[in-house]
Amino acid sequence: MILSKTKFNLYCRLSSRKQREKLGMFIAEGLKCVADTIPFFTPEAILVKDGDTETYEKYSEYPVYSVSEADMRTLSQFQSLPSVIAVYRLPEPREFSKNDYSEGLTLMLDGVQDPGNLGTILRIASWFGVARVVIGTGCADPFNPKAVQASMGAVGMVHFSQHDLLDIIEVNPDIPVCGTMLEGTDIYTTPLHLPAFVVMGNEGSGLSERIREKVNMPLLIPSFADGPHAESLNVAAATAVTVSEFMRRRI
């Protein structure tokens, strides 16, 4: 099938978070990303670059459209031109009840604004078997094309909700709130127990003041370098270290 101008213009709007939420759709780009995500979402359309017969036939069970290279470039959010783009329907928003937090590890994101970091954190959460992720207000959209690609399919695997973190922390006063900060205690020598909230902050400024005030278990990821070293870890790297240590102790 040939993609109509009306649908093309509609899908072009999905580069905007506001329009994704309004239209109830998002996109995944590239062969690997589409293969990783298609088991978890309902395809609205599969857009295949003109001449790619193999990919067109692979997805023939879905509404599949042939799209010119110029139009694919317009639709894409990346420099390298994808040969396929999937348009998915947004899943229903997920909410957790108060009792859902009483077991396992809850990873909370406070102002993580880079979609690549957000997608990578979802991938980390999937790898380490994190029970749930709460994406706080002010964070990037998990359905941003760059977040979807960086998640390597985890955007469809991980149980996550988008909610104000403070609301959840305040109704679960018995669950410790852990956050990585310079004044924290060494994560490798501090007793770690579940259930727990682990909060990761903004790329530049760390945890917001309102959340920092709720942290009652500050943790430090120490450097083992003998000489000069980087000032800090990337938020996704820090998340991997922190989550890994919690899960190692659990085992």
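The values are calculated or read from the model by the stated rules, or taken from the named source; none is laboratory data. Bear in mind the structure is a predicted one, so any value in this text is a computation, not a measurement. Using ideal geometry, Cβ is built from the backbone for each residue, glycine included, and neighbour counts are taken over all protein chains shown. Surface accessibility is based on the protein's heavy atoms, side chains included, excluding ligands, DNA and RNA. Shrake-Rupley method; radii C 1.70, N 1.55, O 1.52, S 1.80 Å.
Please list, ordered by residue number, the strands (runs of 3 or more DSSP E) wholly in the range 1-74 having 2 or more residues that are in contact with a strand residue (DSSP E or B) (Cβ under 7 Å, 6 or more places away or on another chain) and free of Cβ contacts under 8 Å to residues at least 40 places away in the same chain.
43-49
If I filter the range 88-110 for residues that are surrounded by fewer than 16 Cβ atoms within 10 Å (Cβ to Cβ), touching a His at 6+ places or on another chain (Cβ under 7 Å) and either of a type in the set (Val, Ile, Thr) or part of a loop (DSSP other than H, G, I, E, B) (or both), do I get at least one hit?
yes
Search the range 165-182 for residues that are basic (Lys, Arg) and pair each with any residue that is part of a helix (DSSP H, G or I) and surrounded by 15 or more Cβ atoms within 10 Å (Cβ to Cβ) when their beta-carbon atoms are under 6 Å apart and the residues are at least 6 apart or on different chains.
Here the result reads none, with nothing in the range 165-182 linked to a residue that is part of a helix (DSSP H, G or I) and surrounded by 15 or more Cβ atoms within 10 Å (Cβ to Cβ).
Restricting to the range 112-141, give me the number of residues that are closer than 25 Å to GLU29 by Cα and among the small types (Gly, Ala, Ser).
6
For GLU29, are the conditions met, namely being exposed (fewer than 15 other Cβ atoms within 10 Å of the Cβ) and either modelled with pLDDT of 95 or more or more than 20 Å from MET247 (Cα to Cα) (or both)?
Criteria not met by GLU29.
Say we look at the range 175-190 and pick out the residues that are farther than 19 Å from ASP164 by Cβ and of a type in the set (A, V, I, L, M); which of these is surrounded by the most Cβ atoms within 10 Å (Cβ to Cβ)?
ILE187
Take the residues in the range 224-251 that are open to solvent by 80 Å² or more (accessible area, probe 1.4 Å) and aliphatic (A, V, I, L, M), then tell me which one is modelled with the highest pLDDT.
If we take residues in the range 224-251 being open to solvent by 80 Å² or more (accessible area, probe 1.4 Å) and aliphatic (A, V, I, L, M), then LEU233 is modelled with the highest pLDDT.
For the range 154-167, give me the residue count where each residue is open to solvent by 10 Å² or more (accessible area, probe 1.4 Å) and within 19 Å of the chain's Cα centre (by Cα).
Qualifying residue count for the region: 8.
In the range 133-142, which residues are open to solvent by less than 20 Å² (accessible area, probe 1.4 Å) and not acidic (Asp, Glu)?
First, pick out the residues of the range 133-142 that are open to solvent by less than 20 Å² (accessible area, probe 1.4 Å): 133-136, 139-142.
Scanning the range 133-142 gives VAL133, VAL134, ILE135, GLY136, CYS139, ALA140, PRO142.
What number of residues in the range 75-110 are within 16 Å of SER161 (Cα to Cα), of a type in the set (D, E, K, R) and within 19 Å of the chain's Cα centre (by Cα)?
So the count comes out to 4.
Within the range 145-199, track down each residue that is touching a Lys or Arg at 6+ places or on another chain (Cβ under 7 Å) and in a loop (DSSP other than H, G, I, E, B).
Residues satisfying the conditions are SER151, MET152, HIS159, VAL171, ASN172, LEU192, LEU194.
Could you tell me whether any residue of the range 103-119 is among the small types (Gly, Ala, Ser) and under 20 Å from GLU213 (Cα atoms)?
yes
What residue, of ALA225, ALA230, ALA237, is more than 21 Å from ASP100 (Cβ to Cβ) and in a helix (DSSP H, G or I)?
Values: ALA225 fails: in a helix (DSSP H, G or I); ALA230 fails: in a helix (DSSP H, G or I).
The conditions single out ALA237.
Output the number of residues of the range 242-251 satisfying the condition of being within 23 Å of GLY138 (Cβ to Cβ) and without any contact (Cβ under 8 Å) to a residue 60 or more places away in the chain.
Matching residues across the range 242-251 total 0.
Could you please find all residues in the range 191-223 being touching a residue at least 40 places away in the same chain (Cβ under 8 Å), open to solvent by less than 60 Å² (accessible area, probe 1.4 Å) and aliphatic (A, V, I, L, M)?
LEU192, ALA196, VAL198, VAL199, MET200, LEU207, ILE211, MET217, LEU219, LEU220, ILE221
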